[in-house]
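Peer 1: Following this message is one structure expressed as structure tokens.
The values are calculated or read from the model by the stated rules, or taken from the named source; none is laboratory data. The structure presented is a predicted model; accordingly, all values stated were derived computationally and were not measured. A quick note on method: Cβ atoms are made from the backbone with ideal geometry, for glycine too, and the neighbour counts reach across all protein chains shown. Heavy atoms of the whole protein, side chains included, go into the accessibility calculation; ligands, DNA and RNA do not. Shrake-Rupley method; radii C 1.70, N 1.55, O 1.52, S 1.80 Å.
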Amino acid sequence: MKKLILILVALFALIAGIILQRSLITVIPPGPHELDSAFPDLDGKLHRLDQWKGKVLIVNFWATWCSPCLQEMPEFVKLQQELGPKGLQFVGILTDDEADAARDFLKSKPLNYPVLDGSIGGRQLAQKLGDTTGVLPVSVVFDPNGKRVHTEIGVFTRDEVMEKIKPWIK
Amino acid sequence: MAFYRNTVLIIVFSLGLTGLALGLGPDDSSPPELSVGNPLARLGQTIKGFGPEQDKLLPPDQAFQFSANVKDANTLHVDWQIAPGYYLYRERFKFALLDSPEVALGVIDLPRGQIKQEEDGPKEVFHDSASFDLPLKRNATGPVNIRLQAKYQGCAERGVCYSPIEKTVSLQLPATTSTANTVLPTAKAEPKPVAVAEQDRIADSLKNDSIWLVAASFFGFGLLMAFSPCIFPMIPILSGIIVGHGHKITTARAFMLSLSYVLAASLAYTVFGVLAGLFGSNLQAVFQNPWVIGSFSALFVLLALSMFGFYELQMPSFIQSRVTELSHKQKSGTLTGAAIMGALSALIVGPCMAAPLAGALIYIGQTGDALLGGLALFAMGLGMGVPLLAIGLSAGKLLPRAGVWMNAVRSVFGVGMLALAVWLLDRILPANVILFLWALLLIISAIFLNALDALPPGASGWRKLWKGVGVAMLAYGVLMLIGVANGSGDPLQPMRKTISVGECAENKTTPTTRFRRIATVSELQDALQTAQSEARWAMLDFYADWCVSCKEMEKETFANPQVSQELGKMVLLQADVTANSDEDKALLKLYGLYGPPSTLFFGPDGAERKQYRVVGFKGPEEFLDHLQQAMR
């Protein structure tokens, strides 16, 4: 009987360990509605990402400390200006707790597209959209139906953007 | 056997912790490979100028391999091995010591890095490796455990940057000869993150408010145990020591001998308590898993059966006889001898009391507090020793007489064990099932107290008392059964119906706080947006059926008329994370929470007031205070 108890206890412990391990490694699965989320802008007003359905949407995850992000942004500003009327929309999402730093940054270098505060949930969304390593910059292209067509990890150059949006915007 | 058993307990704890470690490992760094499915497969083509074998981005922990160690009593050393093609920023290293009041960080002398021209100006960076010392300022000289939090951030040359990485390592500092005033001037040590403060407060209040209460109850627990047959092996040993001392022994001497015997036994239990406290920390997380809870309550049922005499738990006889032999050699009557015998006796008696002892240890393990554990079990040992001290004082004249009553005490323990099992199951089984179990326990115990047997003529007062207790238990058990049939789930008020959605129109006496249930992240965001557009405050409460404090919050705090009135002004949202589904996890993860109970507040601007998060239970007055502060 004593032995039986010991064996039982050991077994319980093993099972508990395995179950615990399994339950902790679940990653949020990419759902069918990838644009089904919302973030506040720097003034605190919430914006749903699916409000830009009907346009080719490029969601750009960035942070002020990310030098490559700052490198690609001037090109985005130009593209937004040129192709915005044709239905291209950039949206910047700040990852981490960056809202204050971004406010300062944007004073000197304003952007012509919305910047949202992703300090809550921004990183998770980037991960869900394919940024499995947790790096920046990440740009995700959605077609006018809101379907994800491309995830660019690293600097997204003008030529590459043009290439990816070609089916809808020339 | 007691030792064996406790080793097993420790194995249980450590396996659980291993599971935790395994589980956490991959979690903070996300999956390592990029080659999985969909757009990621095309990643190779999207990153420019690199051969196919270089296409994979290293996971952050491989790109930057961090280690920290203790250089000497006043210095830590941190080191990063940086993969080729990756670099760390000098200005983005940040360090903090968590919950270490006796130690603070001194001024860090960071080595100079290489200058790198970046988009926003020149930056100092480290390639290949970064390695430097962290000086410490210490207020106390003794050895101490510290937790170092290191934050760092870096990029890959190919043009991607990693999010800031945060690592926490536990280190053990040796004793030092110099304290703060001799070492380095003040540092700008990182302030503790505000979010932690709340959790700290919980731990503190557990320590301060209830530690004496816990110790007192364990003392009583020990006293009760002393009246079980378990105490018998101790009596001949102790009287052997006292009587063996010789012909003339003063009462004072006899008392001193028994005292040192009892103190030593208590200290042996203290060790168990400290171990349980140490290994049991973090166990609370494990205790949210239905399988773990189920296993432990099964264990309690097994232990209860041994209390009812279905089988005996005992130390193997060869050890028992060895100890008895030793006791015969210890007849010199010295205090040390008595102390040695005390510690050994704790081992002999241990297995007989394994059941209640294991119960106590598991309880301590749950609190995860070594100090509390040690103190509680020391108190328990003292409680057990009280009758022995009486024996010592009376020099062996006052021996308890064996009787059936001793088995009764054991049975009480058995019932207690079963109650613990039900209490544990409360977190995973529906409330009315639990109520049913309580009813069963009460009614069956009542029958054993002869609640339904006629009193024989001329029955003793005791017999009448027990029958009275039995009838009361029976009646309450029956009420509980009625409660079950009525759909209630509250063992304290079995006849009151639980507040369920929509059904209780006549429920006017208790002003209830109505929450809107939130199931997904987007639902939450919608709700918050609505609240924001109405410029109202919002409160988000995380709840789960298995979370005892959540239920207490519902019943005591949220249902309180004043709180309810105050909450009426807010948009009330509740996320029920009982199922722990992927959506539930996403909600918790969104706010970096581990589990319920957690209550978050959002201002009319839609932003969370992070510093006013409530983690854990808060009573109505305290909650009201908090609420008023938050909304100020």
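Peer 1: Looking at (1) open to solvent by 20 Å² or more (accessible area, probe 1.4 Å); (2) polar (S, T, N, Q); (3) within 14 Å of chain B (Cβ to nearest Cβ), which one does residue A:133 not meet, given that it meets all the others?
Peer 2: Failed condition: (1).
Peer 1: Residues in region A:48-88 that are at the interface with chain B (Cβ under 9 Å from one of its Cβ atoms) and either open to solvent by 20 Å² or more (accessible area, probe 1.4 Å) or in a loop (DSSP other than H, G, I, E, B) (or both): how many?
Peer 2: Qualifying residue count for the region: 6.
Peer 1: In addition: Considering only residues of region B:479-488 that are touching a helix residue (DSSP H, G or I) at 6+ places or on another chain (Cβ under 7 Å) and at pLDDT 75 or above, which is most open to solvent (accessible area, probe 1.4 Å)?
Peer 2: Taking the candidates together, the pick is B:481.
Peer 1: Does region B:113-130 hold any residues that are open to solvent by less than 30 Å² (accessible area, probe 1.4 Å), out of contact with any Ser or Thr (no Cβ under 8 Å at 6 or more places or on another chain) and within 13 Å of another protein chain (Cβ to nearest Cβ), and which are they?
Peer 2: Hits for region B:113-130 are B:121, B:125.
Peer 1: Answer yes or no as to whether residue B:491 is touching a Phe, Trp or Tyr at 6+ places or on another chain (Cβ under 9 Å) and either modelled with pLDDT under 80 or within 23 Å of residue B:426 (Cα to Cα) (or both).
Peer 2: yes
Peer 1: Residue pairs, Cβ under 7 Å, 6 or more apart or interchain, first in region B:261-274 and touching a residue at least 24 places away in the same chain (Cβ under 8 Å), second open to solvent by less than 20 Å² (accessible area, probe 1.4 Å) and of a type in the set (Val, Ile, Thr). List them.
Peer 2: Note: pairs meeting the criteria are B:261/B:241; B:273/B:364.
Peer 1: Okay, next question. I'm trying to understand the selection: among the residues of region A:103-132, which are among the hydroxyl-bearing types (Ser, Thr, Tyr) and at pLDDT below 80?
Peer 2: Result: A:119, A:132.
Peer 1: Right, next: Kindly state which strands (runs of 3 or more DSSP E) lie completely within region A:102-170 and contain at least 1 residues that are in contact (Cβ under 8 Å) with a residue 24 or more places away in the chain, touching a Leu at 6+ places or on another chain (Cβ under 6 Å) and not β-branched (Val, Ile, Thr).
Peer 2: It comes to A:115-118, A:138-142.
Peer 1: Hey, can you tell me all the residues within region B:92-112 that are among the charged types (D, E, K, R) and surrounded by 13 or more Cβ atoms within 10 Å (Cβ to Cβ)?
Peer 2: Passing the criteria: B:92, B:94, B:102.
Peer 1: Here's another thing I want to ask about it. Could you please find all residues in region B:451-469 being closer than 13 Å to residue B:411 by Cβ and either loosely packed, with under 15 Cβ neighbours inside 10 Å or touching a helix residue (DSSP H, G or I) at 6+ places or on another chain (Cβ under 7 Å) (or both)?
Peer 2: Hits for region B:451-469: nothing passes.
Peer 1: Any residue that is modelled with pLDDT of 80 or more and more than 14 Å from every other protein chain (Cβ to nearest Cβ) - is there at least one of those in region B:274-290?
Peer 2: no
Peer 1: Could you please tell me which pairs satisfy a Cβ distance under 7 Å, a separation of 6+ or placement on different chains, a first residue in region B:99-117 that is closer than 18 Å to residue B:138 by Cβ, and a second residue that is open to solvent by 40 Å² or more (accessible area, probe 1.4 Å) and at pLDDT below 85?
Peer 2: Pairs found: B:99/B:200; B:102/B:139; B:104/B:189; B:105/B:189; B:106/B:184; B:107/B:184; B:107/B:185.
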